[in-house]
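Colleague: Take this structure, written in structure tokens, and hold onto it; I'll ask about it next.
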Amino acid sequence: MTKYSQAEQTTGQGGLQLLRIQTPWSVAEIYLQGATVTHFQKNGEVPLLFLSAMSRFEKDAPIRGGIPVIFPWFGKPEDKPNQHGFVRARVWEVAGTKTNADGSLEARFKLPSCVELPSIGVDYVVTVGVTLTAELIVTNGSASEFVYENCLHTYFTIGDINQTSVAGLQGVEYLDAVDKFARKMEQGDAIRFKGETDRVYLNTPHTTEIRDASLRRVIRVEKDNSVSTVVWNPWSEKAKRMLDYGDQEYLRMVCVESGNVRAEAIKLLPGGVATLKVKLSSLALL
């Protein structure tokens, strides 16, 4: 175990560049492709984040797992060329690292200027310590309002989806993508998984918890400036149709995503700055 926090840029899978961070409490890896956090693991624990063994580590391809950055749109609108925006497949720049007073290490990434958004600045700050914090910062340098969606599409490692539930969303309205985006109300005290699940929970700025009876772990998802919570598991049939995802991997992962999507998109005035921040932590399930 290191006594001090440190960061090293190195080569990862597929020859892609990554930043490896080690602290006295944890280790993390962030690929420059998409600024994707693919790994976070506290000492003595199972990794917090799930990464598909089938993920493509190829230029211009998104990484399947970890925390893909979804921006500037979510899903696949009819007038957009691809799923979930384009920044998750772009190579970001490391803008700097620093050690904080509490011993955690902060790494800042910057999206290079792009023709799609020439006047929009996008920065991403990942802080690794006892917890993992990710903050997406968007600056509108244009002369007009900028409307966009954002989401930190977080894949979590679990022991068994059949012994996992997501708590904190009872009484919340959601859009059910499996049922043509029908608007429904969450009735149960927790979400339990019996099949494909793809839901956008509305007006949810509050904390949610993933309760994993198999690994005896609770994962807390705390967030700032996010009112949408997406809960996703592809289940067996859809998993078989996904080329960069193993047929049985749905059993060992669940996505609880924090963002602002669909009708809850961000409207950023000229000169404005908007942030989306997520803090992930874990504790024993009692």
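Where a number appears in this text, it was derived from the coordinates with a stated rule and is not lab data. Keep in mind it's a predicted model, so treat the numbers as computed, not measured. Glycine also receives a Cβ, built like all others from the backbone with ideal geometry; neighbour counts cover every protein chain displayed.
Colleague: Kirkwood-based Rg over Rh for the stretch 181-271 (C-alpha set), two decimals? Intermediate values should be presented prior to the final figure.
Modeller: Working: Rg = 15.1 Å, Rh = 15.0 Å.
Here the Rg-to-Rh quotient is 1.01.
Colleague: While we're looking at this one, here's another question. From the cross-link list LYS110/LYS184; LYS110/LYS180; LYS180/LYS223, which pairs have alpha carbons spaced over 32 Å apart? Mind showing how you got there, number by number?
Modeller: Details: LYS110/LYS184 38 Å; LYS110/LYS180 36 Å; LYS180/LYS223 28 Å.
Over 32 Å Cα-Cα: LYS110/LYS184; LYS110/LYS180.
Colleague: Follow-up question, since we're still on this one. Name the residue farthest towards the positive end of the dipole of the chain from the options VAL125, THR204, ALA101, assuming +1 on Cβ of Lys and Arg, -1 on Cβ of Asp and Glu, about the Cα centre.
Modeller: Of the options given, the answer is ALA101.
Colleague: Students often get this wrong, so check it: of LYS80/LYS267; LYS3/LYS42; LYS98/LYS277; LYS42/LYS240; LYS240/LYS277; LYS80/LYS277, which have C-alpha atoms separated by over 21 Å?
Modeller: Values: LYS80/LYS267 19 Å; LYS3/LYS42 14 Å; LYS98/LYS277 18 Å; LYS42/LYS240 31 Å; LYS240/LYS277 33 Å; LYS80/LYS277 26 Å.
Where the Cα-Cα span goes over 21 Å, the pairs concerned are LYS42/LYS240; LYS240/LYS277; LYS80/LYS277.
Colleague: Here's something else I'd like to know. In whole Å, what is the distance between the alpha-carbon centres of the stretch 246-270 and the stretch 79-140?
Modeller: Centre-to-centre (Cα) distance: 16 Å.
Colleague: A further question follows. What residue among ASN260, ILE67, PRO270 has its Cα farthest toward the positive end of the dipole of the chain, where the charges are +1 on Lys, Arg and -1 on Asp, Glu, each on the Cβ?
Modeller: Farthest towards the positive end: ILE67.
Colleague: Then there's this: If amide H atoms are built 1.01 Å from N in the plane of the peptide, which residues on other chains or at least 5 residues away come under 5 Å of the amide H of PHE156?
Modeller: For PHE156, the qualifying residues are PHE50, VAL254, CYS255, VAL256.
Colleague: Using the Cα centre of the chain as the reference point, and only Cβ charges (+1 on K/R, -1 on D/E), how large is the resulting charge dipole? Debye, rounded to the nearest 20.
Modeller: Numbers: 32 positive and 33 negative charges, 66 e Å.
In total the dipole reaches around 320 debye.
Colleague: In nm, to one decimal, how far is the modelled label at ALA143 from the one at GLU45, with both set 7 Å along Cα→Cβ?
Modeller: For the pair ALA143/GLU45, the computed spacing is 5.0 nm.
Colleague: Which values of log₁₀ I(q)/I(0), to two decimal places, follow from the Debye formula for the chain at q = 0.14, 0.16 Å⁻¹ with a uniform point scatterer at every Cα?
Modeller: -1.04, -1.39
Colleague: Enter the per residue convex hull volume of the stretch 134-286, computed from alpha-carbon coordinates, in Å³ rounded to the nearest integer.
Modeller: On the way: hull volume 18.5 nm³, N = 153.
Dividing the Cα hull volume of the stretch 134-286 by its residues yields 121 Å³.
Colleague: Which value in deg cm²/dmol, rounded to the nearest 500, describes the helix-derived mean residue ellipticity at 222 nm for the chain, given -39,500 (n - 2.57) per DSSP H run of n ≥ 4 and division by the residue count? Intermediate values should be presented prior to the final figure.
Modeller: Working: 1 runs with 7 residues, N = 286.
Value at 222 nm, helices only, nearest 500: -500 deg cm²/dmol.
Colleague: For a protection proxy built on the mean count of beta-carbon atoms within 10 angstrom, sort 175-185, 254-264 highest first, please.
Modeller: 254-264, 175-185
Colleague: Same structure, new question: Pick from ILE266, ILE67, ILE158: which residue has the top mean-square fluctuation in a GNM of the chain where Cα pairs under 10 Å get a spring?
Modeller: Maximum fluctuation in the GNM of the chain, among the listed residues, is at ILE266.
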